[in-house]
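Contents: one structure, followed by commentary.
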Amino acid sequence: MIDVEGQTVPWWRSGVIYQVYLRSFADSDGDGIGDLVGLLGKVDYLARLGVDAVWVSPFYLSPQEDNGYDISDYDQIDPVFGSEDDLQALIDALHAHDIRLIVDLAVNHTSVEHTWFVESRQPGSARRDWYWWADEPTNWESFFSGSSWEYDEVAGAHYLHVFGVGQPDLNWENPEVRAEVAALMGRWLDRGVDGFRLDVINFVSKDVDAGGGLRDAPAAPGQVLADGRDGFVNGPRLEEYLQELDQRVFERTTRRGEPVVSIGEMPDVTIDLARRITAREEGSLDMVFSFEHVDLDHEPGDKWRSRPTRPAEAVANLARWQIGIGSGWNSLYWSNHDQPRAVSRWGDPDRFRVASAKTLGTVLHLMRGTPFIYQGEELGLPGARWRNRADLRDVESLNYLASAVAAGEPERDVLERIACVGRDNARTPMPWDGSPQGGFTTGNPWIAMAPGHRGLDAQSQEADGASVLAHYRALIALRHEHSVIVEGTFTLLEGTDPDTVVYRRELTGVSLLVVARLASTGGALPALGPAADGRLLLSTHPEAGSRAHLEPWESRVLLFDDATSAP
Ligand code: TEU
């Protein structure tokens, strides 16, 4: 717990969380795959950055169809990532630096190799209804192309998998399933972890009919498969299930004596639902990952069909959530292992990489909520833009490529779309130094280093006070120092230029003003009134001072000790 303005608040209200995509973070044994010992070797780097927790992607036993989000044993560490001793050494090292460990659990589905599923396939098995079996499947399309159902010869029925064929959905209607999920989470707390990131947790309540079955989705004429999300997203018993989990797990205390942190990944969550679920008193989760801002730049339900969107529109959407979430709490993120890297998606990696990376960080980190940094975001890394099938690893992209080409689309066109929004582009290994594999591995990386990362490595940025890394360190330090960033109100100031954003944070007489140019052209400084007497806390262009003009991607952060003097 942290003291903010005399109030003790949970650490994550003033903290920053760093996302480690383990298989691409640091490899200690030369097999080309990042591992726990590799992460252990970078704890000092994370401590220097100033983060308060790391969220580590799944490292449980898995056939790796979906890079670990297909779990075959929740209690076992996959040997490719390390051992129990490695985990304990990591936990001890993180805790020694006051950094918490948040583990990533996919409990909407398991792997087909999980013993639960192996048993469930057997007709008459006691675990038969731990999964969704049907004689007649619904017409739902999988997120990974094709039907969401697969026929199983042993079971003599179809099973539901809204993701990969190897990722059967668990049936949370079954109280035994819910009890076992809570129990396995408890075992991870016993091991000393500090919280959970819960993968697509708003998918666990399916909308069942009177007979307990699932229903077809409305389909356009001639459409065989349809968008089934209404049948499994934000379902009717979701809040009941989360409250139950809260009582069974999240109300426990961690080895460090802190409340367990619970983060729900919730595609298509609404503001109202997020506000209820994260409400300070009666809520069941501490925060959610919402998706509205990262769904703006593509057609609804089709990530592969882009829709031109200005970064200021994404910031305006985040601002809407700042107001709408009310007393609830939201994560603040641009990037993760599923999303294109921010500087490529919203910034200008070719002409203004440093300034756009810094300004995107500034507008996000000074909002109300818990900021997340995806590995390499603090370095301003652009996406890889893989265009060759041989460079792809992700089941989502490979399935999409096969499906689109089978439907008659030219491979070149499909690969171009994958180069823009495919998940592999953000999953390339972290560049630690200027050596051939960036210091990530002494072997051959499981996925190639991104060509555009040369010269952007952590080592070269550590020594550069004007680097993106230095800017992220400053942003984290500001959140730790100024309560107005943590608990202050949020007001988006109306401006005349659609590509310049100004917002104000206020708390008991202190006001913070964030001014950001979100375009590769300059613009007039909005009329800010007495902005000149604000104290400049952070700027992308320190030489600009209070000049009445903003350079491309320029941002400024001003502090006013008396709210009356702020514009
Ligand atoms: O992602 C869920 C999710 O929202 C994805 O559908 C995401 O929007 C999509 O991949 C964007 O292209 C979680 C994990 O973060 C992801 O890595 C897993 O593949 C997925 O669940 C299944 O576990």
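The values are calculated or read from the model by the stated rules, or taken from the named source; none is laboratory data. In this text, all values refer to a predicted model and were calculated from it rather than measured experimentally. Methodologically, a virtual Cβ is constructed for each residue, glycine included, from the backbone with ideal geometry; neighbour enumeration extends over all protein chains shown. These area figures cover heavy atoms from the full protein model, side chains too; ligands, DNA and RNA do not enter into them. Shrake-Rupley method; radii C 1.70, N 1.55, O 1.52, S 1.80 Å.
Of all residues in region 113-127, those satisfying the criterion of being crowded, with 16+ Cβ neighbours inside 10 Å and more than 16 Å from the ligand (Cβ to nearest atom) are 116, 120, 121, 127.
Here is the figure for region 62-115: residues that are closer than 16 Å to residue 36 by Cα and in contact with a Pro (Cβ under 7 Å, 6 or more places away or on another chain) total 2.
Can you confirm whether region 520-540 contains a residue that is small (Gly, Ala, Ser), modelled with pLDDT under 90, closer than 23 Å to residue 470 by Cα and open to solvent by less than 40 Å² (accessible area, probe 1.4 Å)? Yes: one or more hits. When region 384-405 is limited to residues that are more than 21 Å from residue 445 (Cβ to Cβ) and within 14 Å of the ligand (Cβ to nearest atom), the one that is least open to solvent (accessible area, probe 1.4 Å) turns out to be 401.
Among residues of region 413-437 being closer than 18 Å to residue 343 by Cβ and assigned to a helix (DSSP H, G or I), the one that is farthest from the ligand (Cβ to nearest atom) is 419. Grab the strands (runs of 3 or more DSSP E) fully contained in region 438-519, keeping just those with 1 or more residues being open to solvent by 20 Å² or more (accessible area, probe 1.4 Å) and of a type in the set (Ser, Thr, Tyr). Fully inside region 438-519 and qualifying: 489-493. So is residue 87 without any contact (Cβ under 8 Å) to a residue 40 or more places away in the chain and in contact with a strand residue (DSSP E or B) (Cβ under 7 Å, 6 or more places away or on another chain) or not? Against the criterion (without any contact (Cβ under 8 Å) to a residue 40 or more places away in the chain and in contact with a strand residue (DSSP E or B) (Cβ under 7 Å, 6 or more places away or on another chain)), residue 87 does not qualify.
All told, residue 506 falls short of being over 30 Å from residue 328 (Cα atoms) and touching a residue at least 40 places away in the same chain (Cβ under 8 Å).
A count restricted to region 195-211 and to residues that are more than 16 Å from residue 238 (Cα to Cα) and touching a residue at least 24 places away in the same chain (Cβ under 8 Å) stands at 3. Scan region 426-444 and give yes if some residue there is over 24 Å from residue 546 (Cα atoms) and of a type in the set (Lys, Arg), otherwise no. Yes, region 426-444 has at least one match.
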